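Reviewing the structure listed below.
The values are calculated or read from the model by the stated rules, or taken from the named source; none is laboratory data. The structure displayed is predicted, hence computed values, not measured ones. Here the Cβ positions follow ideal geometry from the backbone for every residue, glycine too, while neighbour counts run over all protein chains shown. These accessible areas exclude ligands, DNA and RNA; they are computed on the full protein's heavy atoms, side chains included. Shrake-Rupley method; radii C 1.70, N 1.55, O 1.52, S 1.80 Å.
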Amino acid sequence: MKLTRLSLVLSAGLFMLITSSCDKGKSVTDGAEAKADRLVAQMTLDEKIGQMSQLDLGYFMDPEQLKQAVREGRCGSLLNFLGVEQVNEIQRIAVEESRLGIPLIIGRDVIHGYRTVFPIPLGMAASWNPEAVRKAFRISAVEASSDGIKWTFAPMIDITWDPRWGRIAEGCGEDPYLASTLAAAMVKGIQGDSLTDPTALAACAKHYVGYGFAEAGRDYNTTYIPEPLLRNVVLKPFHAAKEAGAQTFMSAFNDLNGIPTSGNRFTLKKILREEWGFDGFVVSDWASVTEMVNHGFAEDDKQAAEIAINAGVEMEMATTSYYANIKALLDEKKITMEQIDDAVRDILKVKYRLGLFDNPYTDPEAGKRILDPSFLDHARTVARQSAVLLKNEDAALPLSEDKIASVAVIGPLADAPRDQLGTWCFDGRAENSVTPLKAIRDLLGDKKVNYVQALAYSRDKSKANFSAAVAAARRSDAVLFFGGEEWILSGEGQSRGEINMPGAQTELLEALAATGKPVILVIMAGRPLAIGREIELSDAVLYAWHAGTMAGPAITDLLFGKESPSGKLPVTFVKGAGQIPFYYYRNNTGRPASDETWTPFDSIPTVNPQSSLGYRTFHLDYGYTPLLPFGYGLSYTTFKYSDLTLSSQVMKIDGTLTVRARVTNTGNMDADEIVQFYVRDRVGSITRPIKELKGYNRLRISRGETTDVEFTLTAADLAFFNGRGEVTEPGKFDVWIGPSSEEGLHADFILE
Ligand code: GLC
């Protein structure tokens, strides 16, 4: 067996940022501060208030009103205003017709692609490939900037444990380490190597902070997050985004422990500014300032403006409480001119860093790169790497395009060009989508493909076309069922109470399985679904998420073995909504459950003594394990992990510890494996998780080849906030290297 020594020194906790010469806020002596200072000194109060107002195009009744507002310096930023001609025209008014010529910054939600649409961010997170994700966001910035956009409200890096929450689609899943590595990559992609590059956009880390912990997964709902959880989990990706140089942050909608995050001095001032030294600017979310009246935290819009300004929200998105009230608040000494100047200075600094004063206009020729073939190729690669193989009984996959006589392509998402783009897709166009049906027909030829949509959309309950679908299955060698969710069932304001496959999809799958033909289930969805029954009914299951413009070719590549699936789950899959929240880094509790303590529901005796069935932490029906664990994902090949070694049994608190293992591709196909590194702190001054991801690496391992992998721990990787401060505590630790959060080679060491 050939041994390829591949030594990967990963400073596990300090993951290698995709470093570049990028401007990084305060650390860049870019002169922006001084320029902004000089400009602030020349500005009238009206002009300062204008910079603190971001207005949506819809706010203006007619274009002339908008032009006049810009001419008078009454807004410093526009939202959802795009198109190179229109932007250049309005920018010319700002630069040439306003008193000080301050350029506008145009903002837009470019969340997972612009015209070339990539998988939803939760899907991209399943690739565990920061470099591929960085490149996807770089491509998105190149396309968006060609339309005059210079600021995107991304990355969305809200940790969540709740698949009912519609916006789980938009984030990077449940784990702070994985989300932090991806947050850094996304910021690097958005902002590029130099902020003054015409294709650079300002990134916006959102939604700061805690929005993903909405009670019951109901969007905009209350959040209660104890400070240890806030600091040890929820804030981690935001800190990574700041360290990667994100120029803006967005305050959120939710109230956090009773204080709305758009009026929260603790998060916006103490943590973001004083502890982290962030020196870009903070924008509110859409109307999140005035919504503090609804929260019952402000009497009226005026008090809401006062609270937000005092908390550190520097630009108000979409509403005009700043515009309407700052002068009165100054007169009443509720806020100070110093606060106003600080806010305007931060905004102007970012505009200077983006080069907007020197190059305010967009090159009309830049749009020629939109949908460039190389961009579509990358979208196909990312979609391939994002798909997760959940089941593959008797090697039902891959199919052979040469041997297969015909396939039945069935289901509501086989040919759904808009749905496959997913949520938060303002500018992607269904006309550019290549659907699975199209890609399979292109590969096999129409004659080999028996297509029956059977259900018009994912919520369709009609069984009228079941017989046609079953007939197609009977006359085919295999069934490819494309199901899941329409795009509208996830995203903002689109949370679900149940997380099952909607409509009559499961019944249709049962009818198809009854034919005895191999059934391959491909799911496109915006969240983890509770698909236990559907997995049972299928021979193979590929979870493709809403996979973007090139979903069809990417899925077809995998189904027919051009590449092996390699994705791993970035979020736990639960058996049903009743199990939520269920995340892998949970605490052990005083009564951990096990197979010895849990009696399967249907095996519970009908006559029972008063004593319980185990007095352990489980559900009688769901048990104590998820449907599928974080980090899980199969391959067409097999990998063997061996030879776990530690550089020492004892790690000094001022030293390091290196953990090594070998991974062998024991199958007959070259493939990627995402090797994961977990740590457990056995005893702490607060209860500690049973496992925490501290490193990972996507490795390409040829068939028959063995690769070495190593991860190096420092004390910083073992630090945590215990409610009183950041601590690293001596004691016993476990480590694992393996293919998921539930499998791996184990060892332990002592930290002293
Ligand atoms: C929305 C979202 C936010 C988005 C903003 C602008 O309500 O919460 O993520 O960036 O408004 O569209």
Calculate the radius of gyration of the Cα atoms of segment 29-367 to one decimal place, then report Dmax, the largest Cα-Cα distance, as a whole number, both in Å. 18.7, 54
Note down the magnitude of the dipole of segment 604-746 about its Cα centre, charges +1 on Lys and Arg C-beta and -1 on Asp and Glu C-beta and zero elsewhere, to the nearest 20 debye. 260
Calculate the dipole size of segment 671-751 relative to its Cα centre from +1 charges on Lys and Arg beta carbons and -1 charges on Asp and Glu beta carbons; express the result in debye to the nearest 20. 200
Just how far, in whole angstrom, is segment 677-752 from segment 466-538 if you go by their alpha carbon centroids? 37
Efficiency of FRET between LYS270 and LEU100 - r from beta-carbon atoms, R0 41 angstrom, step 0.05: 0.75
Sulfur and carbon atoms: percent of accessible area, the chain [1.4 Å]: 50
Separation between Cα centres of segment 103-118 and segment 255-333, rounded to whole Å: 25
Which cross-chain or sequence-distant (5 or more) residues have an amide H under 5 Å from the amide H of SER458, H modelled 1.01 Å from N in plane? GLU486
With a 10 Å radius around each residue's Cβ, average the other Cβ atoms per peptide and rank 389-398, 341-350, highest first. 341-350, 389-398
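How large is Rg/Rh for segment 629-736, to two decimals, with Cα atoms and a Kirkwood Rh? Numbers along the way, then the final one.
Numbers: Rg = 16.1 Å, Rh = 15.4 Å.
For segment 629-736, the value is 1.04.
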Put a dot 7 Å past each Cα toward the Cβ at ASP363 and ILE653; how far apart are the dots in nm? 5.6
Cut-off 14 Å between beta-carbons: net charge of the residues surrounding ALA554, Lys and Arg +1, Asp and Glu -1: 0
Sort THR261, THR336 by accessible area with a 1.4 Å probe, largest first. THR336, THR261
Provide, in order from the shortest bin, the percent of all Cα-Cα pairs of the chain in each 10 Å bin, continuing until the bin that contains the maximum pair distance. 3, 14, 23, 25, 19, 11, 4, 1, 0
Among ALA544, ALA472, PRO518, flag the residue with its Cα farthest along the positive direction of the charge dipole of segment 444-547, charges on Cβ as +1 for Lys/Arg and -1 for Asp/Glu. ALA472
Among 652-662, 422-432, how do they line up by average Cβ neighbours within 10 Å per residue, starting with the highest? 422-432, 652-662
Work out from phi, with θ = phi - 60° and the Karplus expression 6.51 cos²θ - 1.76 cosθ + 1.60, the ³J(HN,Hα) of each residue of segment 620-636, listed in order in whole Hz, and give x for Gly and Pro. 4, 8, 7, x, 10, 10, x, 5, 9, x, 3, x, 7, x, 9, 9, 7
Net charge contributed by nearby residues that have their C-beta within less than 13 Å of ASP56 (K/R +1, D/E -1): -2
The rounded separation in angstrom of the Cα centers of segment 203-234 and segment 155-199 is 14
Determine, from the Cβ-Cβ distance of ALA471 and ALA328 and an R0 of 60 Å, the FRET efficiency 1/(1 + (r/R0)^6), rounded to the nearest 0.05. 0.25
Under-5 Å amide H pairs with HIS619, H placed in peptide plane, nonlocal only: TYR624
Explain nothing, just compute: Karplus ³J(HN,Hα) = 6.51 cos²θ - 1.76 cosθ + 1.60, θ = phi - 60°, for every residue of segment 579-587 in order, whole Hz, x for Gly and Pro. 8, 6, x, 9, 9, 6, 8, 6, 7
Under a Cβ-only charge scheme (Lys and Arg +1, Asp and Glu -1), can you give me the dipole magnitude of the chain about the Cα centre, in debye to the nearest 20? 1120
Checked against the positive end of the charge dipole of the chain (+1 on Cβ of Lys and Arg, -1 on Cβ of Asp and Glu, about the Cα centre), the farthest of LEU195, LEU413, PRO605 is PRO605
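Counting heavy atoms of the protein chains only and a 1.4 Å probe, report the per residue accessible area for the chain as a whole number of Å².
36
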Lys and Arg at +1, Asp and Glu at -1: neighbours of LYS368 with Cβ under 13 Å from its Cβ sum to -3
In nm, to one decimal, how far is the THR625 label point from the ASP46 one, both placed 7 Å along Cα→Cβ? 7.0
Using only DSSP helix segments of four residues or longer, with each worth -39500 (n - 2.57), what per-residue ellipticity at 222 nm results for the chain after dividing by its residue count and rounding to 500? -7000 deg cm²/dmol
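How much FRET efficiency would the formula 1/(1 + (r/R0)^6) give for VAL727 and ASN500, where r is the Cβ-Cβ distance and R0 is 35 Å, rounded to 0.05?
E(calc), rounded to 0.05, equals 0.25.
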How about segment 222-329: which GluC sites (Glu not before Pro) there are in a DSSP loop, with at most 15 other Cβ atoms within 10 Å of their Cβ? GLU299
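Eight or more residues apart or on different chains, and alpha-carbon atoms under 15 Å: count the Lys pairs in segment 376-559 matching that.
Values: LYS403/LYS447; LYS403/LYS448; LYS438/LYS447; LYS438/LYS448.
Step by step, the pairs that qualify in segment 376-559 add up to 4.
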